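Worksheet: one structure, shown below.
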Amino acid sequence: MNQTHQFTRPFTLIFVITITALGFSLPVASRAQSGGPGTDHGIVDSIDDMKLDIRGGGNRHTRTYTETDQTRWLNSHGQPIDPGDTVGKTVDVRWRWITGGSEVLSVQVSSSRESSRPAPNTDSGSTETRPSHRSEQVLRGQIGGSEAVFRLTLEDGKVTGTYSQRGKSYRIEGTYKPGRMSLDEYTGEQLTAHIKLTLDDLETTWTGTMYNVYPNNNQYPVSLSKSH
C-alpha cells in the first residue's frame, strides 16, 4: 500500500506542473499572434528586401517595418504611387503587430509634415529675396546593364531624390553644376556608392560611372536619359 502511494504522488505532481505550465504558455502564444494597429511618421530611408526603414519624426532611432503585397503606397492626396516615390520623403505609416515584428498596412506622403525648404536669405531691412532655381527630373537608363530610374530634384546646386533598380530603392544626395552631377547613394544611413555623371552636348543623356563603396569596390558604367 505504501509503495502504490509513493508512485502515484510524484506522477500527480508532474501532471499538475505540466498542466500549469501549459496554461501559462497559452496566453503568451496568443499575445504573440495578435496586436492592434499603430501609426508612425518620419522620413523613408530605404525600401529593400520587403523592409521599410523610417527615421526621424520625433524618434531618433531608425524603425524597420515589414511590407507586403497588400501594403498601400499613397501620395499626400491618397492616390496610389510607386513605393520608390516615398524614399526621402516624410510619410505617415499605418501598421499592425504580427508575430516577430510589425507589418505595414499603408504608407502615405504627409502633406502636413513635409520638410519645408529653407527660407531664402534676406538683408536686414530689405524685403528682397533671392529666387530659388528648382527643377525636377526623371532619368531612365542603365547601370551596369540593368534598368535604372532616377527621380531627382535639383535646387540651388543641390540634388536630392531616389534611385530604383531591380525592385529596390535608395536615397540620393549630391551636388550639380551645369553639365555635371556628383551623387551619393545611401541604403538607410549607410553610404553605399558614389556616382559621377556628365551631360552630353545635346543635353539629353547623362553618362558616367558608379563607384561602390560597400560591401565591395566594383565600378559600373552609367547611361541615363531624360524622361518627359
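The values are calculated or read from the model by the stated rules, or taken from the named source; none is laboratory data. Since the structure is predicted, the reported quantities are computational estimates derived from the model, not experimental observations. Reconstructed Cβ throughout: ideal geometry from the backbone, glycine too, with neighbour counts over all protein chains shown. Surface areas here come from the heavy atoms of the whole protein model, side chains and all, with no ligands, DNA or RNA. Shrake-Rupley method; radii C 1.70, N 1.55, O 1.52, S 1.80 Å.
Within the range 59-84, work out how many residues are in a strand (DSSP E or B), more than 15 Å from Asp45 (Cα to Cα), open to solvent by 30 Å² or more (accessible area, probe 1.4 Å) and not basic (Lys, Arg).
1
If Glu203 meets every condition in (1) farther than 30 Å from Gly56 by Cβ; (2) part of a strand (DSSP E or B); (3) open to solvent by 80 Å² or more (accessible area, probe 1.4 Å) apart from one, which number is that one?
Every listed condition holds for Glu203 apart from (2).
Take the residues in the range 86-101 that are touching a Lys or Arg at 6+ places or on another chain (Cβ under 7 Å) and on the phi < 0 side of the Ramachandran plot, then tell me which one is surrounded by the most Cβ atoms within 10 Å (Cβ to Cβ).
Val87
Please find, among Gly188, Gly141, Gly167, Gly179, the residue that is closer than 27 Å to Gly56 by Cα and open to solvent by less than 30 Å² (accessible area, probe 1.4 Å).
Gly188
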